[in-house]
Amino acid sequence: PIERLYWLGWAFFVIVLLLFSRLWYLSVASFDHYDHIARRNHIRTVPVHAARGPIEDRNGRILVENTYGFDLVLFREKKSGLDRTLQFLSEALQVSREELEERLREASYYSLYQPVVVSQGLTLDQISFLMARRSDHPLLDIVERPRRFYPHGKLAAHVLGYVGEISSDELSRPGFKAHRPGDVIGKSGIERVYNRKLAGRNGVRRIRVDS
């Protein structure tokens, strides 16, 4: 029994030594390697846009409501691959390179970590095409976004108004201090007058991405 305990003790000692050696290798000897891998990981914040409230007449009939569409967004926190991605978008979406670069210039007042919408209302064919090539262009993503829908067409359009992306000038006004670049606000009519009541509160979705 004593001899058995002796060898059992040695086996336990060897196991602990192997575990300690492996821990030392990972945390000390290979620190630079794994630190480099960890730093290449990144938490990407994708905006989740809130739907605006519906507009009804006095009888409760819907005059303005929401539908949903898909937008293509471009992340700019990494410069590597941006030129190649813009060239891909120019060919895939049949738009000029100049138009894409102008869109980026218009969004220059955005935070660098906020994605820029480069195309709105994607068709199912476009979504399929882009999703199939997502791994080749990690700077791109497709997000769902609410859009205003007018069941009665242009009826009372001058009263109901319309919505659009907030401008840099509007962001500087006190009435829009709760908004951020890229938000959709009321531009005229009821949409503008009751913007605070109609606007929802945006959220975010955080995803971990690597290089």
- prompt: If only one of V209, V184, V204, V159 is more than 20 Å from R103 (Cα to Cα), among the β-branched types (V, I, T), out of contact with any helix residue (DSSP H, G or I) (no Cβ under 9 Å at 6 or more places or on another chain) and open to solvent by 40 Å² or more (accessible area, probe 1.4 Å), which one is it?
  reply: V204
- line: The residue from D141, D169 that alone is in contact (Cβ under 8 Å) with a residue 12 or more places away in the chain and under 20 Å from R103 (Cβ atoms) is D141
statement: Counted residues in the stretch 48-80 being closer than 30 Å to E101 by Cα, open to solvent by less than 40 Å² (accessible area, probe 1.4 Å) and not in a loop (DSSP other than H, G, I, E, B) come to 5
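The values are calculated or read from the model by the stated rules, or taken from the named source; none is laboratory data. Only a predicted model underlies this, so the values are computations on that prediction, with no experimental measurement involved. Reconstructed Cβ throughout: ideal geometry from the backbone, glycine too, with neighbour counts over all protein chains shown. Protein only, heavy atoms only, side chains kept; ligands, DNA and RNA dropped before computing areas. Shrake-Rupley method; radii C 1.70, N 1.55, O 1.52, S 1.80 Å.
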